[in-house]
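This report refers to the structure that appears directly beneath it.
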Amino acid sequence: MIAKTKPFGIIQFFERFPDEDACLEHIFETRFGTHSPCPSCGELGHWSRIKRTKKWRHACGKHISPLRGTVMYRSNLSLMAWFYAFFLFANTSIGIRAGFIRRQLGIGHKSSNRLCQMIRIHMAAMARPQMLGGEGKTVQIDEVYLRYIANSEGGPNDAVIVLGLACDGQVMSAIVPDRKSGTLIPLLVARVKPGSKVVTDTLSGYQKLAQHGFQHVQINHSIAFHDFRGHTTNNIEAYWATVRRMFRAARQVSRENLWTFLAEIEFKYNRRDTKDSIFEELISNFPPHDPESYRTLQGRFDWS
Ligand SMILES: [Zn+2]
């Protein structure tokens with residue numbers, strides 16, 4: 001868990017990032033600075049900014065561009081626009097529509113769509129639980145249908161199935177191809193720690209969980225939303241309520257981009273008690289961004 005930080009509003013934002021240079025210096029410090037070795041010679045520190053460029057030179061002669069390999073590399077937008085968009089994304093509880101970003105930043109339709117998509121991909125790259133549960137823990141499991149619209153290339157509107165797991169206030173969710181046992185069981189065995197108690201509804205796809213060593217409690221939702229020992233799936237249901245609300249707010253989500261919306265919702269939901277540090281997290285971690293990492297990130301939220 002990230003410690004609570006001081007509130008960071010619009011005034012603090014512009015004090016800290018008054019111009020392009022402040023943003024660029026911040027990215028350089030975050031990615032290289034005095035803590036990361038030079039990628040060429042391996043020495044720490046001894047960097048100097050090359051005047052009138054966005055590059056730094058190391059004592060050994062190596063030049064680096066701090067934006068290379070980040071979501072912001074080769075963007076037509078200013079770093080101020082990126083940072084302010086990170087700020088807006090970090091400070092909304094129901095999700096951001098591209099039209100809002102377009103008006104706030106005074107940019108075009110295409111640019112704002114792309115910016116929002118890249119910010120969601122950036123969120124998909126942030127820290128996420130690898131597995132949930134463990135000895136003495138209860139993991140709630142459930143699935144939900146999410147509707148999407150046909151993309152610009154056409155095709156029908158349809159829905160995907162999203163599988164969700166909740167434990168200790170943290171959730172993990174991803175698109176799954178179907179609700180069959182042969183699909184769900186291996187996905188769950190890979191993500192629920194041995195020794196966990198699992199609570200599900202009576203869907204047949206979950207029936208074999210006990211065979212994999214989990215204590216399995218099934219709740220028959222046609223009778224009640226808890227069993228007589230107080231087991232519920234309330235936590236994952238609460239997450240679905242957030243997912244549905246944010247999907248409604250987003251309005252038009254295509255199948256292609258759906259996983260990025262899911263990534264945004266999960267990212268923010270798992271940080272709902274430490275909201276004040278979301279912006280800092282987004283501008284302090286720049287995992288490698290390229291076509292290869294895009295596929296890896298998609299795989300985190302799309303298990304189909
Ligand atoms: Zn060097």
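Scanning the stretch 190-204 for residues that are crowded, with 19+ Cβ neighbours inside 10 Å, among the polar types (S, T, N, Q) and farther than 14 Å from Val144 by Cβ turns up at least one hit. Every condition in (1) out of contact with any strand residue (DSSP E or B) (no Cβ under 7 Å at 6 or more places or on another chain); (2) surrounded by 14 or more Cβ atoms within 10 Å (Cβ to Cβ); (3) over 29 Å from Asp273 (Cβ atoms) is met by Trp56 except one, and the failing one is (1). Take the conditions (1) free of Cβ contacts under 8 Å to residues at least 24 places away in the same chain; (2) in a loop (DSSP other than H, G, I, E, B); (3) within 11 Å of the ligand (Cβ to nearest atom); Cys38 misses just one of them, which is (1). Would it be correct to say that Cys38 is surrounded by 13 or more Cβ atoms within 10 Å (Cβ to Cβ), modelled with pLDDT of 95 or more and in the same structural domain as Pro66 (by TED's automatic domain parsing)? For Cys38, the condition - surrounded by 13 or more Cβ atoms within 10 Å (Cβ to Cβ), modelled with pLDDT of 95 or more and in the same structural domain as Pro66 (by TED's automatic domain parsing) - is not met. Listed conditions (1) among the aromatic types (Phe, Trp, Tyr); (2) within 16 Å of the ligand (Cβ to nearest atom); (3) under 26 Å from the mean Cα position of the chain (by Cα) are all met by Phe17, apart from (2). Taking the conditions (1) surrounded by 15 or more Cβ atoms within 10 Å (Cβ to Cβ); (2) farther than 19 Å from Gln170 by Cβ; (3) of a type outside the set (D, E, K, R) in turn, Ser222 satisfies each one other than (1).
The rows are residues; the columns are (1) within 25 Å of the chain's Cα centre (by Cα); (2) among the small types (Gly, Ala, Ser); (3) farther than 29 Å from Leu297 by Cα; (4) within 14 Å of the ligand (Cβ to nearest atom).
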position: Ile11; (1), (2), (3), (4): no, no, yes, no
position: Phe32; (1), (2), (3), (4): yes, no, no, yes
position: Leu44; (1), (2), (3), (4): no, no, yes, yes
position: Arg52; (1), (2), (3), (4): no, no, yes, no
position: Lys62; (1), (2), (3), (4): no, no, yes, yes
position: Leu67; (1), (2), (3), (4): yes, no, no, no
position: Val71; (1), (2), (3), (4): yes, no, no, no
position: Ala85; (1), (2), (3), (4): yes, yes, no, no
position: Ser93; (1), (2), (3), (4): yes, yes, no, no
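Among the conditions (1) in contact with a strand residue (DSSP E or B) (Cβ under 6 Å, 6 or more places away or on another chain); (2) among the hydrophobic types (A, V, I, L, M, F, W, C); (3) surrounded by fewer than 20 Cβ atoms within 10 Å (Cβ to Cβ), the only one that Ala150 does not satisfy is (1).
If you go through the stretch 281-293 and keep only what is exposed (fewer than 15 other Cβ atoms within 10 Å of the Cβ) and in contact (Cβ under 8 Å) with a residue 40 or more places away in the chain, you end up with Ser284, Asn285, Pro288, Asp290.
The values are calculated or read from the model by the stated rules, or taken from the named source; none is laboratory data. Small disclaimer: the values here were computed from a predicted structure and weren't measured. Neighbour counts run over all protein chains shown; Cβ positions are idealised from the backbone, glycine included.
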